[in-house]
1. Can you name every residue in segment 77-110 that is among the acidic types (Asp, Glu) and either open to solvent by less than 10 Å² (accessible area, probe 1.4 Å) or not in a helix (DSSP H, G or I) (or both)?
2. Considering only residues of segment 357-392 that are open to solvent by 60 Å² or more (accessible area, probe 1.4 Å), touching a residue at least 24 places away in the same chain (Cβ under 8 Å) and touching a Lys or Arg at 6+ places or on another chain (Cβ under 9 Å), which is nearest to Glu431 (Cα to Cα)?
3. Scan segment 528-560 residue by residue and report those that are closer than 23 Å to Glu515 by Cβ and open to solvent by less than 20 Å² (accessible area, probe 1.4 Å).
4. Can you tell me which residue in segment 434-484 is farthest from Ala524 (Cα to Cα), limited to those that are β-branched (Val, Ile, Thr) and open to solvent by less than 20 Å² (accessible area, probe 1.4 Å)?
5. Give me the pairs: first residue in segment 453-480 and touching a residue at least 40 places away in the same chain (Cβ under 8 Å) and over 18 Å from Thr432 (Cα atoms), second residue open to solvent by less than 50 Å² (accessible area, probe 1.4 Å) and of a type in the set (Val, Ile, Thr), beta-carbon distance under 6 Å, and six or more apart or on different chains, which are they?
6. At pLDDT 95 or above, open to solvent by 20 Å² or more (accessible area, probe 1.4 Å) and out of contact with any Leu (no Cβ under 7 Å at 6 or more places or on another chain): is that true of Asp264 in this structure?
7. Return yes when Ile188 is among the β-branched types (Val, Ile, Thr) and in a strand (DSSP E or B) and no when it is not.
8. Among Asn505, Asn487, which is the only one that is part of a strand (DSSP E or B), polar (S, T, N, Q), at pLDDT 95 or above and open to solvent by 30 Å² or more (accessible area, probe 1.4 Å)?
Amino acid sequence: MTTIPTIFLSSVISAAVSFSAFAETQLNPIVTASRVAQSTDQTLAAVTVISREDIEHSQSQSVADLLRERVPGMDFLTTGGTGHQTSAFLRGTSSDQLLFIIDGNIVGSATTGAAAIELIPLAQIEHIEIIRGPRSSLYGSDAIGGVVQVFTKTGGDQYNASVTVGSHNTHALNLGSNISGERTQLNISASHYMTDGFDVTDDGELDDDGFTNNALNLNIKHRIGETSNIHAGVLHSDAETEFDNASMDNVSDTIQQSYSLGFDTSLSDSWSTSIDAGQSKDRLETVRYYEDFFTPGTFVYDASLFETKRDQARWQNEVALGATGQLAFGVDYINDKIESSTNFAEHERDNTGTYALVQDKFDKHQLQLSGRVDDNEAFGTHRTGNIAWSYDVNAEEQIILSHGTAFIAPTFNDLYYVDPFFTGNPNLDPETSRSTELGFTGKHGWGQWETRAYHTVIKNLIINVSTDPLDWMAPWTTINANRAEINGMEFEVSGKTAGWNNTINLSLVDAKDAETGNTLQGRARHTLKMNIAKNFNHYHIAANLLAQSARFANASNTVELAGYAVLNLMIERAIDKNWALKARVDNVLDKEYSTSTNFYGDLSNNTPVSLFVTLSYKN
């Protein structure tokens, strides 16, 4: 797309001029990128934090939309509008190479290896932390590209409610209450979201493909004595998604669920410990009515079920080492169980991981070391590690250098799936990676900036191959074969000028199959994201721009999907201290674009120009 480089260049020049007058901003929020609470500059990692205030001002309709518009290096392949299947790519890695955590619980399907990010109810989220770069040395499998941690609501306003109506017959209702006592805090919230949607695929099946999601979130925390706490939480989401697949009727019913229970206490002034247990569930039931590929004119009714339950437990200790040092160590356990209408050779496996992190600051130098050993029932023992070093050039600027290894355990589909057309391979090894990153960051009175360059090599990539290339009807299986190399750079600058909050980031990603030299499927090489916002009188106005270059829809790089730019506008008016009226227009210029195709090569449509209006109440 010829306009993309022009947009990149003009935006960067504009940013360089306008950011010279930025005012003071909040620069160091507290995050848990290293499994302990630290300010962002202590983590020595690339971290993005999205607060509840950010979520409300964005008026986004989904978690995927929110992250797509804000996070450097993060990209998405979508098969339609809100609630439709979405794949998240971080720094060129695939959706199964990205770890998703909700309230401490690892979530997602053990059969596909990916989390259903499109089904996480945005209305129930307090804040999100996105860590870019390998984190297996602390979190274990899947964290090659990074980690997305979702924290559901635990506090806030005593009462809150909102009603949204919009295009495609969209309706949403959110209700919440926070009750706080001297030692106990209770938060309960519920949400309903429904849309008729639009026709998500250009496949001749001319119908709207809707989405409905009902969700409930409950969190309670109680203080015991002066140094101990006990907490429990439940997140339950029940959704229905209509989709196109060269069929007449297609519906997926899904349940996303997370239970958590935990206790934390201080053993001394310098030592704290916590014990947590939980379970996550990913359940997908799909019904299709379609014309049989081999016998045209014959129609088939098909129903399938895939369910993952993950029982989890964690024990962690944090020890202060003098005035600046920190030690963290612990053990976690996870047991995956699957239930399916499809035959699997195995239905259960477990993993136990032990990890440790030590960090200290010496004058202008800061050093962080972490390591982990995982013992997996399917493939045995695997070790990962990470080392990060930083140097304070001055009081405002910092150099960061890091190197880390990571891995992904093969999925149940890869290992154990069995049907006439595909047979899993129980002898697969994990996919492994090594990544090196160099970063420069600055925090000034006018705002902050950072630039990062990284190089990642992924080995033992799991691919599908025919068991007999000479027989097109022969079943397929999985093997460890390919290698991928990813080189990338990220630039981000943010601050405030003349009352406007501004953030701009540019991501350059070169993700290649090292065997063929082809660009990895679905990756855009260039991505620009701009967000601006301003408060004046009783109004808050904002806009965001997402511009991406072309990408390939297939591994052989024969089908290219054009680049595009999408502009969204938001406005809200405070009626009084409790009530507010908001509006958001998505895809203002009504740009037609696609980021994926289906099995038959049909383009997947994305959201056309759409209007959403919200009335909200807080007390």
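1. Taking segment 77-110 as the starting set, the residues that turn out to be among the acidic types (Asp, Glu) are 96, 103.
Selection gives Asp103 alone.
2. Glu377
3. Step one: of segment 528-560, the residues closer than 23 Å to Glu515 by Cβ are 550-560.
Hits for segment 528-560 are Arg551, Ala553.
4. Residues of segment 434-484 that are β-branched (Val, Ile, Thr), as a first pass: 436, 441, 451, 456-458, 462-463, 465, 467, 477-479.
Filter once more, keeping what is open to solvent by less than 20 Å² (accessible area, probe 1.4 Å): 441, 456-458, 478.
Numbers: Thr441: 25, Thr456: 17, Val457: 18, Ile458: 19, Thr478: 27 Å.
Here the residue is Thr478.
5. Pairs that qualify, where the first residue is touching a residue at least 40 places away in the same chain (Cβ under 8 Å) and over 18 Å from Thr432 (Cα atoms) and the partner is open to solvent by less than 50 Å² (accessible area, probe 1.4 Å) and of a type in the set (Val, Ile, Thr), are Thr467/Thr477.
6. Numbers: at pLDDT 95 or above: yes; open to solvent by 20 Å² or more (accessible area, probe 1.4 Å): yes; out of contact with any Leu (no Cβ under 7 Å at 6 or more places or on another chain): yes.
Yes: the conditions hold for Asp264.
7. Details: among the β-branched types (Val, Ile, Thr): yes; in a strand (DSSP E or B): yes.
For Ile188, the condition - among the β-branched types (Val, Ile, Thr) and in a strand (DSSP E or B) - is met.
8. Exactly one residue qualifies, and that residue is Asn487.
The values are calculated or read from the model by the stated rules, or taken from the named source; none is laboratory data. Note that this is a predicted model, so its numbers are computed, not measured. Heads up, the Cβs are rebuilt from the backbone with ideal geometry, glycines too, and the neighbour counts pull from every protein chain shown. Remember, those area values only see protein heavy atoms, side chains included, never the ligands or the DNA or RNA. Shrake-Rupley method; radii C 1.70, N 1.55, O 1.52, S 1.80 Å.
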